[in-house]
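Notes follow once the structure below has been shown.
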Number of protein chains: 4
Amino acid sequence: MCAKKVAGVLGATGSVGQRFILLLANHPDFELKRLGASPRSAGKKYGSVVNWKQTDLLPEFAQDLMVTECKAEYFKDCDIVFSGLDADYAGSIEKEFVENGLHVISNAKNYRREDDVPLIVPIVNPEHLSIVENQKRKNNGGFIVCISNCSTAGLVSPLKPLVESFGPIDALTTTTLQAISGAGFSPGVPGIDILDNIIPFISGEEDKMEWETKKILGQVSKDNTQIDLLSDEEIKVSAQCNRVAVSDGHTECISFRFKNQPAPSVEQVKKCLREYECDAYKLKCFSAPKQTIHVLEANDRPQPRLDRNRDAGYGVSVGRIREDPVLDFKMVVLSHNTVIGAAGAGILIAEILLAQKMI
Amino acid sequence: MCAKKVAGVLGATGSVGQRFILLLANHPDFELKRLGASPRSAGKKYGSVVNWKQTDLLPEFAQDLMVTECKAEYFKDCDIVFSGLDADYAGSIEKEFVENGLHVISNAKNYRREDDVPLIVPIVNPEHLSIVENQKRKNNGGFIVCISNCSTAGLVSPLKPLVESFGPIDALTTTTLQAISGAGFSPGVPGIDILDNIIPFISGEEDKMEWETKKILGQVSKDNTQIDLLSDEEIKVSAQCNRVAVSDGHTECISFRFKNQPAPSVEQVKKCLREYECDAYKLKCFSAPKQTIHVLEANDRPQPRLDRNRDAGYGVSVGRIREDPVLDFKMVVLSHNTVIGAAGAGILIAEILLAQKMI
Amino acid sequence: MCAKKVAGVLGATGSVGQRFILLLANHPDFELKRLGASPRSAGKKYGSVVNWKQTDLLPEFAQDLMVTECKAEYFKDCDIVFSGLDADYAGSIEKEFVENGLHVISNAKNYRREDDVPLIVPIVNPEHLSIVENQKRKNNGGFIVCISNCSTAGLVSPLKPLVESFGPIDALTTTTLQAISGAGFSPGVPGIDILDNIIPFISGEEDKMEWETKKILGQVSKDNTQIDLLSDEEIKVSAQCNRVAVSDGHTECISFRFKNQPAPSVEQVKKCLREYECDAYKLKCFSAPKQTIHVLEANDRPQPRLDRNRDAGYGVSVGRIREDPVLDFKMVVLSHNTVIGAAGAGILIAEILLAQKMI
Amino acid sequence: MCAKKVAGVLGATGSVGQRFILLLANHPDFELKRLGASPRSAGKKYGSVVNWKQTDLLPEFAQDLMVTECKAEYFKDCDIVFSGLDADYAGSIEKEFVENGLHVISNAKNYRREDDVPLIVPIVNPEHLSIVENQKRKNNGGFIVCISNCSTAGLVSPLKPLVESFGPIDALTTTTLQAISGAGFSPGVPGIDILDNIIPFISGEEDKMEWETKKILGQVSKDNTQIDLLSDEEIKVSAQCNRVAVSDGHTECISFRFKNQPAPSVEQVKKCLREYECDAYKLKCFSAPKQTIHVLEANDRPQPRLDRNRDAGYGVSVGRIREDPVLDFKMVVLSHNTVIGAAGAGILIAEILLAQKMI
């Protein structure tokens, strides 16, 4: 039996950082040893500085871990570093880590649009990870992988197997009903704004969904150095994003049209989704969902409260698959925004990297 | 000064019936004199049988009104009868009323699809009311007018002025986030189903929206006897309906494409909506909104809690008007489901009929 | 007809300030002319600096009012100044206003515990206002009146008439279920903290309730210079405060014991509350509730969503009055926290001062 | 290794029944073999008749179990039968089971007040189970044990160790903020009644809490045939019950006074609660909480969303322990209403019976 890989978490006191810590407690492959946070927390025990707001208790091992500043020198022994940093800080800190040869998996948006940085939904496009080799060459072994935006993760999960089976999608719309946990908690979404209410706007979100979809559904370049995006002509994507009074779980009402006509039947679509088995599962990754896509037949499902925790939040639920009078199909997609849409995705990416001996 | 017209309400103890009663209290044109409900309530004072669940107090005048069964004989002196009956009962009862020469405005779905029955959103298509003359001829003066489905009302409100200005819409999608008050309260939506949750399904709703839109945007036939629907070729409509944790106010994320290209600009669309003045307002109807469509510029509006009561719920709010990568435009529409989407629509229809001397 | 009195509002962009502005729009006695806010808003039009978050639209007259800093020199022409300032700023600013001869009605907590400052719930203890004469003498005509804490207002409203009729209460407990609007909105209560949740703690609230009750139920001193508090021996008060997922309206489950035994009957208590008519109503103040205390007989009332707006939020609802096995009585009290518990109270206090020619 | 005991569930399609099934899946001691429901479900597979509304998937083994009517003849091979029947049916059905020698653990209220029926909160008063021997004698080996009301369970949990350490409590008040899952789901609490609202009434609940507390804190009679209740003179109990917008977890604000004065200190109370170890844990029961009472020091805890799942819902959380100006102490208690307050309690009672060889 191998020794566990050493892991660190940046932004450890924030909402994403707290989730990383929970997911790393008792993990068979990783041992969390380093926690980075702001200078005012540095030098103190984690338990004394964190405002822990998870439904699971703060794991005992983390209570006494000493917090450091987010500098590479304190993370030298880490095989992998998970970043839950705010975008305001992620840019320079993550750069310093990579330049010092560290392996970073980041939930921040800062480097998602770099050509040579893979933007990964681990149950969708792990093959994009291969381009980190190019980063390694330039950074003395260091590299960064970006986790996709939470609502993009749910959107592309059922699309990937469909594209593999039935060819390209040329038009795609999604209207999201997003959980408030996605906004973090300092302050996140004010209660008075969300009780008996909807906020039909999330800053930057629609643009992220429309752009990231084109990268995630894109291809690794022939020379394995970057991702070639789908062009605006290849796929038209339109997103409308709403914040709703749900704690966890993003619901999306999507519709789409295949380029190749005639389109498959509803039954063919369902079968394709049901049979999809993500690479991470084939690689026997610890957190990989046993069932990647759960196809639900009840006409009032998926529902976030009931279905968000399928496969511990790593599985995506799809329901109400039916023909669409405007495009080809419409359906409802539910994904757990803090698991497959954020920290959980980071963990599963690390597991894939490890299974492929890339860390 | 004329005497007020005499009004009756069917299904008086239900949620729609209660709203009719509130809106008729102190109404300048109508005097509510007759209340119909189930046999077990008949013969008793309204105040003693109703489980009043409105935020306004039960009006004093209604407290002591005697409830009768829903039979035309008890409503003979009514100039107008508002029906809030459940679909299970509305079919036969409303038929008996019309055949006995009464004028019925119904919130039930039963007769909406009859060719010679106008399906009305009063701020949108009051010109369709002219076909009741045909019904009158057949029914000894009696006729029925149907109120549209609540979510259809919000959808078509901004479309009507756009079609008038820029020509037909040939593709239209809407994803709704609908309030729970639309489901009534016996039992309506269970609390455990909607707290921290979304229900991505409302029985029959999507079909209603897709069909009713084609009738409401249709034309009165040349011989003024029926409504000619738009065909499936003329307009493709796709609806995805969700129930969310909002008390009142349906939010819809819609997108649409004009038949005539190039499409107008975003500014032209906004200007058209802002300047739209509904006929009911021109007719000086008491409940008509001063501003039919409120065009909001803030990027996070409309919001149901803040905007649903514009013009006492008779005005519709539209925000986030912008170009759509798939169709021409996308935008967010908010309408008050129990006002312009139900009982309030009935009252305004009656006011229009009165202003046009049709009752 | 007299000219209207000139009014100003401090902290005009905050949640309490916004409510003052709404309540002063079209007020028959007051004309709002001056708005004070932070230096970064000063010199700009109100409409351009406020993040308006009310369900009613920003009144047109206020849109173009110029905002100034909160200095007495800009408010010289005001007959009355309403302060919605945060406690961090209220101390020094309100002091400067009073010392410059201005009349201040403040929602802040800073001066509530000063002996010579009346702490007022306008439907409860307007007779305490007489001690401002003493302040006037010391401050060149200037004085300050404090509005009580929002949850205290609901608690003492039914107690006052009971004490007047049946003598002192010697033990009193309250468990509150408080609305989130009471926490303001920058940031107020985070959504993730209140959705599917309760927060069993509001900083400082229990102490305020226990202390303020003793002042409000106290007496004006013989020399009319201060309020004599009830002592800890005269009345024991215990509060337990919770924040719940309600937008507006504080619910309190209270129980209490009279000093004089035998205690009155449940029917006597109900009759006393029903017949209570507050002084503000006798003085014909514009905002005074027609019915001060609404005694509800239905066993599941009052409910915040249904009952908070009685008498425009100036009336208090009391239900479930019954004997208590531990003390004498228990009952449920509902009051509108932003009306009778905050800005609305300030307006009604000003109306009382005006009716009594004290401003 | 022993064979598992055979278990049955009555009312299997209801909300309590569904929870029993979840808790019995993969249970080390019990094997669920029999499911009883209404005649219209009898003869069909469970998976085809249940409207499964749990956050965990319906266990595969239960999917194909055949449902029978609730008659003893179909449950003859059961060592233990868990009843989640509605009170309307529980009376006669449970009687028939007991008379046929079966062992019933019931969540229904019907037999709670029988002298010779133990009313059990398994972490509180398992010693009361001894009186089933008396029932066995009369019923050919059959007996019934009742699970307490959900809100009573939370209330008495911290009281039991306090009474053991510091002597009797003579006055006790509780104001509850109860979750909606406690009302089941057909229809349970309507969404429109609980969104942005509180219902200050739960039918029969206050009486149950006041009465059941006196039985649970009572003693087994000398002859071990019944429970001797505390008298109204020994302990005064007052409950005020509210339904709030929380899915799971009852919060209670309680205060109490000891008979023996001077009362212990706050620190003594905390220490007593922290050190309490329930008998079920000592007996090594599978579901027993490792920590029976979690004493929380943060001033804003316990919160239902964060703390309800301590020890899988079998642990009770207590926070804000402090002196009370009216009685001796006040504090906030949180318990999981569907675990320790309902189905979970039933399972743990069965484990205790088994550990003590009573089944």
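The values are calculated or read from the model by the stated rules, or taken from the named source; none is laboratory data. Here the structure is a predicted model, which means the values were calculated and not measured. When we count neighbours, we look across all protein chains shown, and the Cβ atoms used for this are built from the backbone with ideal geometry, even at glycine. The protein model used for the area step is the full one, side chains on, heavy atoms only, and it has no ligands, DNA or RNA in it. Shrake-Rupley method; radii C 1.70, N 1.55, O 1.52, S 1.80 Å.
Here are the numbers for this structure:
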{"quantity": "For the range C:39-128, average projected area of the Cα convex hull in nm²", "calculated": "7.5 nm²"}
{"quantity": "Per-copy distances of the A:Asn299 label point, shortest first, in nm (7 angstrom along Cα→Cβ)", "calculated": "3.8, 3.9, 5.3"}
{"quantity": "Shielding by partners - mean other protein chain Cβ count within 10 Å, residues of C:168-179", "calculated": "4"}
{"quantity": "Cα gyration tensor shape of the range B:114-257, rounded if a/c is under 1.5, else prolate or oblate by comparing a/b with b/c", "calculated": "oblate"}
{"quantity": "Cα gyration tensor category, rounded, prolate or oblate, for the range B:9-88 with a/c compared to 1.5", "calculated": "rounded"}
{"quantity": "Most fluctuating residue given options D:Ile321, D:Ile144, D:Ile123, as computed from a GNM of chain D linking Cα atoms under 10 Å", "calculated": "D:Ile321"}
{"quantity": "Whole-Å semi-axes of the ellipsoid equivalent to the protein assembly as shown (Cα gyration tensor, √5λ, descending)", "calculated": "45, 45, 38"}
{"quantity": "With every protein chain in place, the protein assembly as shown: carbon and sulfur % of accessible area (1.4 Å)", "calculated": "46 percent"}
{"quantity": "B:Ala3 versus A:Asp64: modelled label distance in nm, points set 7 Å from Cα along the beta carbon direction", "calculated": "9.1 nm"}
{"quantity": "Above-threshold pairs, the threshold being 18 Å between Cα atoms, out of D:Lys5/D:Lys215; C:Lys5/C:Lys76; C:Lys4/C:Lys76; A:Lys5/A:Lys33; B:Lys160/B:Lys330; C:Lys95/C:Lys214", "calculated": "D:Lys5/D:Lys215; C:Lys95/C:Lys214"}
{"quantity": "Rounded to 5, percent antiparallel among DSSP beta bridges of chain A", "calculated": "40 percent"}
{"quantity": "Debye intensity ratio in log₁₀ form over the Cα atoms of chain B, taken at each q of 0.06, 0.08, 0.10 Å⁻¹", "calculated": "-0.20, -0.37, -0.58"}
{"quantity": "Size of charge dipole - the range B:210-359 - debye, nearest 20, with Cβ of Lys, Arg +1 and Asp, Glu -1, no other charges", "calculated": "340 debye"}
{"quantity": "Gaussian network model of chain B, springs between alpha carbon atoms under 10 Å - residue of B:Arg40, B:Arg322, B:Arg310 with greatest fluctuation", "calculated": "B:Arg40"}
{"quantity": "Per-copy distances of the A:Asp115 label point, shortest first, in nm (7 angstrom along Cα→Cβ)", "calculated": "6.5, 8.0, 9.0"}
{"quantity": "Relative intensity, log₁₀ I(q)/I(0), of the range A:250-359 from a Debye sum that treats every alpha carbon as a point, q = 0.11, 0.15, 0.16, 0.20 Å⁻¹", "calculated": "-0.40, -0.70, -0.77, -1.04"}
{"quantity": "Distances in nm from B:Asp228 to the matching label points in the other copies, shortest first (labels 7 Å along Cα to Cβ)", "calculated": "5.2, 8.9, 9.2"}
{"quantity": "Inter-chain shielding of B:204-211 (mean C-beta neighbours from other protein chains, 10 Å cut-off)", "calculated": "1"}
{"quantity": "Accessible area in square angstrom per residue, the range A:306-345, 1.4 angstrom probe", "calculated": "18 Å²"}
{"quantity": "Using alpha carbons only: equivalent-ellipsoid semi-axes of the range A:150-335, gyration tensor based, whole Å", "calculated": "26, 19, 18"}
{"quantity": "Selected from A:Ser106, A:Ser148, A:Ser181 as most flexible by GNM, with chain A as the system and alpha-carbon contacts under 10 Å", "calculated": "A:Ser181"}
{"quantity": "Cα-based Rg / Dmax (Å) for the range B:267-329", "calculated": "13.0, 41"}
{"quantity": "Between helix C:87-99 and chain C: long-axis angle, C-alpha atoms, 0 to 90°, nearest 10", "calculated": "70 degrees"}
{"quantity": "Between helix A:15-24 and chain A: long-axis angle, C-alpha atoms, 0 to 90°, nearest 10", "calculated": "80 degrees"}
{"quantity": "Exposure of D:Ile120 as accessible area (Å², to 10), given a probe of 1.4 Å and all protein chains", "calculated": "0 Å²"}
{"quantity": "Distance between modelled label sites at B:Ser231 and A:Gln54, nm, 7 Å Cα→Cβ extension", "calculated": "6.1 nm"}
{"quantity": "For the range A:106-164: accessible area per residue (Å², 1.4 Å)", "calculated": "27 Å²"}
{"quantity": "Minimum Cβ-to-axis distance in chain A for the rotation onto chain D, with residue, whole Å", "calculated": "A:Asp196, 2"}
{"quantity": "Peptide-level mean, for D:325-336, of C-beta atoms on other protein chains within 10 Å", "calculated": "4"}
{"quantity": "C:Ala87-B:Asn224 pseudo-label distance in nm [points 7 Å out on the Cα-to-Cβ vector]", "calculated": "7.1 nm"}
{"quantity": "Solvent-accessible area buried by A and B, counting both chains, probe 1.4 angstrom, square angstrom", "calculated": "3700 Å²"}
